[in-house]
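Note sheet for the following structure.
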């Protein structure tokens, strides 16, 4: 039976009890490597649940009952009472656009599935806050709220005739712009569609204002870029937000030289505490044939720090399965002959992946449709055939649709799955996809259970800010229920539901394995770094439909207190959680 902490401490005369007072927190911040014991918790370990964990110099040194751990504690150790909350390994988000996500918090936003008139009102309000001629950017709109032919540049022109506007859709694979934006970019009826892109046009050949895939770059490429100071501030918002949810490690899924430098500087200075894998974008269809990307990949080690490992290459094999019909599918879209867009041909993709694998680089494939998933798996197979099975866990990202014939191949090739974004439940986005794909194929929508049943290494990613929330607790609840947060009669792909234990492993140990640091973090056991967090509630006793309500009390990275719910960072003021 657990003893009262204060009486136990008095008996042992060893401890400085710490209940989270401001003074104690300040002491810990000054000396983050001081010894700490967390007691009276629900500590999740590989062998089951314990009550307490001891940390010295950022490393977990013992796990066990409160009595056992306290008896081994050093003199002067601080004691933190978890008060029955869970003590869990830090969570891993395998697909984040952290700088863009941070900047989205101050962009021109509107609620998901907002109707056209509400979008107009939001844009008008944003235009009123900037000078004439300044760009207005934001999102996210959903195609199915518009009547046929309604979504045009004219709708935006009505509220922003002089300020160029660019609004992303729910997938960030389409954009809606006004006339001023098209003029600024020099896009008109004579502008050809770029490779892997489409300019939607009216009957007269004039651009409607909707741009698909690579066509977005025609406009986004002329927008003045943010300053490095703005990017650094956005990164701070994003990483603090993740820590507030217990996300101590994440993969940034698409970096260029400037964003690489911003993350490198922030982790080197200690401004950012999370462990980050950086994925450098490689697109052989770029105007330079991808040469700039290869140069960045070759110089990657100059950006590396203790907390930032740029050892990943990101490449896109298709689009998204929305009304744009750009995800590459094995069978046509519903009520259509279209099968989507294959972005990179095998004779270009395979040699590149073989070379990246040879260098020990992790490859993250954007593959939403089942044809793109197969292309990614075939590329991994080519690398394994050439270089052997011992390479990195290349991951097939998104994997919204997967042919049953391909599920086991990922396991056989020693690769991994990264299911994202967190939309494996009914939502405004998935309703758009049901219309495009048809209900029958949605029965295996994001096939997490199939992948686990085949022995696959499964991780999860939010793809934030494509989705409005980066909350992993919402993701875990709906991974288990396949229902709306809080429960609903409607479910989506119910056959792919998993258990809470499986969901937690996906977000902890599996994520650590895929990121390549499972020897350091991912579980709570002696010898590993103390990347852990403490929850207010015990998620193991909550009804599963309340899991999205779990709140994080404290988060630690390498034993350092990096988030305290009682004194949240100023960066999160006004941020939509």
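The values are calculated or read from the model by the stated rules, or taken from the named source; none is laboratory data. Note that the structure is a prediction, hence the values are computed from the model and not measured. Please note: Cβ atoms are built from the backbone with ideal geometry, for glycine as well, and neighbour counts cover all protein chains shown.
Keeping to the stretch 508-521, report how many residues are in contact with a helix residue (DSSP H, G or I) (Cβ under 6 Å, 6 or more places away or on another chain) and either farther than 13 Å from residue 46 by Cα or buried (at least 20 other Cβ atoms within 10 Å of the Cβ) (or both).
Applying the first criterion (in contact with a helix residue (DSSP H, G or I) (Cβ under 6 Å, 6 or more places away or on another chain)) to the stretch 508-521 yields 518, 521.
When the remaining residues are screened for being either farther than 13 Å from residue 46 by Cα or buried (at least 20 other Cβ atoms within 10 Å of the Cβ) (or both), the result is 521.
Number satisfying all stated conditions: 1.
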Report task. Tell me which residues, restricted to the stretch 375-399, are in a loop (DSSP other than H, G, I, E, B) and within 22 Å of residue 444 (Cβ to Cβ). Result -> 399
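Looking at residue 180, is it out of contact with any helix residue (DSSP H, G or I) (no Cβ under 6 Å at 6 or more places or on another chain), modelled with pLDDT of 95 or more and surrounded by fewer than 18 Cβ atoms within 10 Å (Cβ to Cβ)? Lay out the reasoning, then the answer.
Working: out of contact with any helix residue (DSSP H, G or I) (no Cβ under 6 Å at 6 or more places or on another chain): yes; modelled with pLDDT of 95 or more: yes; surrounded by fewer than 18 Cβ atoms within 10 Å (Cβ to Cβ): no.
No; evaluated as a whole, the condition is false for this residue.
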Query raised in the report: So which residues in the stretch 392-422 are surrounded by 24 or more Cβ atoms within 10 Å (Cβ to Cβ) and more than 18 Å from residue 365 (Cα to Cα), if there are any at all?
Result: none
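Residue-wise test of (1) farther than 22 Å from residue 196 by Cα; (2) exposed (fewer than 15 other Cβ atoms within 10 Å of the Cβ); (3) out of contact with any helix residue (DSSP H, G or I) (no Cβ under 8 Å at 6 or more places or on another chain).
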position: 129; (1), (2), (3): yes, yes, yes
position: 132; (1), (2), (3): yes, yes, yes
position: 140; (1), (2), (3): no, no, yes
position: 143; (1), (2), (3): no, no, no
position: 150; (1), (2), (3): yes, yes, no
position: 163; (1), (2), (3): yes, no, no
position: 169; (1), (2), (3): no, no, no
position: 174; (1), (2), (3): no, no, no
**Report entry** Residue within the stretch 238-255 that is assigned to a strand (DSSP E or B) and not assigned by TED's automatic domain parsing to the domain that holds residue 328 present
**Finding:** no
Query raised in the report: Can you tell which of 498, 458, 521 is assigned to a strand (DSSP E or B), modelled with pLDDT of 95 or more and within 25 Å of residue 399 (Cβ to Cβ)?
Result: 458
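Per-residue answers, yes or no, for (1) over 30 Å from residue 471 (Cα atoms); (2) crowded, with 18+ Cβ neighbours inside 10 Å; (3) out of contact with any helix residue (DSSP H, G or I) (no Cβ under 6 Å at 6 or more places or on another chain):
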{"residue": "191", "(1), (2), (3)": "yes, no, yes"}
{"residue": "195", "(1), (2), (3)": "yes, no, yes"}
{"residue": "206", "(1), (2), (3)": "yes, no, yes"}
{"residue": "215", "(1), (2), (3)": "yes, yes, yes"}
{"residue": "221", "(1), (2), (3)": "yes, no, yes"}
{"residue": "226", "(1), (2), (3)": "no, no, yes"}
{"residue": "238", "(1), (2), (3)": "no, yes, no"}
{"residue": "244", "(1), (2), (3)": "no, yes, yes"}
Requested in this report: Please tell me if residue 473 is surrounded by 17 or more Cβ atoms within 10 Å (Cβ to Cβ) and outside the structural domain of residue 48 (by TED's automatic domain parsing).
Outcome: yes
Query raised in the report: Can you tell me how many residues in the stretch 266-302 are farther than 25 Å from residue 221 by Cβ and not in a strand (DSSP E or B)?
Result: 11
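Residue 201 - would you say it is within 15 Å of residue 152 (Cα to Cα), surrounded by fewer than 17 Cβ atoms within 10 Å (Cβ to Cβ), within 34 Å of the chain's Cα centre (by Cα) and not assigned by TED's automatic domain parsing to the domain that holds residue 340? Can you show your working first?
Details: within 15 Å of residue 152 (Cα to Cα): yes; surrounded by fewer than 17 Cβ atoms within 10 Å (Cβ to Cβ): yes; within 34 Å of the chain's Cα centre (by Cα): yes; not assigned by TED's automatic domain parsing to the domain that holds residue 340: yes.
So residue 201 passes the test.
Yes or no, residue by residue, for (1) farther than 27 Å from residue 41 by Cα; (2) in contact with a strand residue (DSSP E or B) (Cβ under 9 Å, 6 or more places away or on another chain); (3) modelled with pLDDT of 95 or more:
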position: 73; (1), (2), (3): no, yes, no
position: 76; (1), (2), (3): no, yes, no
position: 90; (1), (2), (3): no, yes, yes
position: 93; (1), (2), (3): no, yes, yes
position: 106; (1), (2), (3): yes, no, no
position: 112; (1), (2), (3): yes, yes, no
position: 116; (1), (2), (3): yes, yes, yes
position: 121; (1), (2), (3): yes, no, yes
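Within the stretch 306-354, can you find the residues that are closer than 18 Å to residue 254 by Cα and either more than 20 Å from the chain's Cα centre (by Cα) or outside the structural domain of residue 373 (by TED's automatic domain parsing) (or both)?
The first filter runs over the stretch 306-354 and keeps only residues closer than 18 Å to residue 254 by Cα, leaving 307-320, 343-344, 349, 352-353.
Once the filter is applied, which keeps residues that are closer than 18 Å to residue 254 by Cα and either more than 20 Å from the chain's Cα centre (by Cα) or outside the structural domain of residue 373 (by TED's automatic domain parsing) (or both), the stretch 306-354 yields 343, 344, 349, 352, 353.
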